[in-house]
1. So which of 80, 97 ends up being exposed (fewer than 13 other Cβ atoms within 10 Å of the Cβ) and either touching a residue at least 40 places away in the same chain (Cβ under 8 Å) or farther than 17 Å from residue 8 by Cβ (or both)?
2. Restricting to region 1-34, and then to whatever is surrounded by fewer than 16 Cβ atoms within 10 Å (Cβ to Cβ) and more than 20 Å from residue 93 (Cα to Cα), can you tell me which residue is nearest to the chain's Cα centre (by Cα)?
3. Scanning region 43-55 for residues that are at pLDDT below 75 and surrounded by fewer than 19 Cβ atoms within 10 Å (Cβ to Cβ), which turns out nearest to residue 109 (Cα to Cα)?
4. With respect to residue 61, is the statement that it is within 20 Å of residue 7 (Cβ to Cβ), without any contact (Cβ under 8 Å) to a residue 60 or more places away in the chain and either touching a helix residue (DSSP H, G or I) at 6+ places or on another chain (Cβ under 9 Å) or part of a loop (DSSP other than H, G, I, E, B) (or both) true?
5. Scan 86, 113, 119, 92 and give me the residue that is surrounded by fewer than 15 Cβ atoms within 10 Å (Cβ to Cβ), in a helix (DSSP H, G or I) and either at pLDDT 95 or above or in contact with a helix residue (DSSP H, G or I) (Cβ under 9 Å, 6 or more places away or on another chain) (or both).
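The values are calculated or read from the model by the stated rules, or taken from the named source; none is laboratory data. Because the structure is predicted, anything quoted here is derived from the model rather than measured. Positions of Cβ are generated from backbone atoms using ideal geometry, with glycine treated the same way; all protein chains shown enter the neighbour counts.
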């Protein structure tokens, strides 16, 4: 039961950090990128149900990442494991966005930006989880 509680805490940290990063990226896309780069105008979004669903998906994905990341890194200090977990989640999300852009027959640049953002989001979530583990708010999974 203690391991489940620690996984829940890791999921909460992951979900909150990914949602926060999503919110900041959405504001940056709308207020800066879409405004000053005409090619990226499709990144602009108003507050609507699509944005709310995207935020919920980002939170849930962050929750799953947090739980999984805790099991991936365990108590190891292996940077390849950390980077592999981040890239696994980030690239799955990012490459899906690139494929969507490729199939939509529009310019692919906005989808490349979104793919880069996806990897960045999970990198920031990993940093948040590492900090939570360092301050002992979340205990790493013991492999014993």
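1. Numbers: 97 fails: exposed (fewer than 13 other Cβ atoms within 10 Å of the Cβ).
Result: 80 is the single residue among 80, 97 that is exposed (fewer than 13 other Cβ atoms within 10 Å of the Cβ) and either touching a residue at least 40 places away in the same chain (Cβ under 8 Å) or farther than 17 Å from residue 8 by Cβ (or both).
2. Residues of region 1-34 surrounded by fewer than 16 Cβ atoms within 10 Å (Cβ to Cβ): 1-5, 8, 23-24, 27-28, 31-32.
Checking which are more than 20 Å from residue 93 (Cα to Cα) leaves us with 1-5, 8, 31-32.
Values: 1: 27, 2: 26, 3: 23, 4: 22, 5: 22, 8: 17, 31: 21, 32: 21 Å.
So the residue we want is 8.
3. First, the residues of region 43-55 that are at pLDDT below 75: 43-48.
Remaining after also requiring surrounded by fewer than 19 Cβ atoms within 10 Å (Cβ to Cβ): 44-48.
Values: 44: 14, 45: 16, 46: 20, 47: 23, 48: 23 Å.
That would be 44.
4. Working: within 20 Å of residue 7 (Cβ to Cβ): yes; without any contact (Cβ under 8 Å) to a residue 60 or more places away in the chain: yes; either touching a helix residue (DSSP H, G or I) at 6+ places or on another chain (Cβ under 9 Å) or part of a loop (DSSP other than H, G, I, E, B) (or both): yes.
So residue 61 passes the test.
5. Details: 86 fails: surrounded by fewer than 15 Cβ atoms within 10 Å (Cβ to Cβ); 113 fails: surrounded by fewer than 15 Cβ atoms within 10 Å (Cβ to Cβ); 119 fails: surrounded by fewer than 15 Cβ atoms within 10 Å (Cβ to Cβ).
Exactly one residue qualifies, and that residue is 92.
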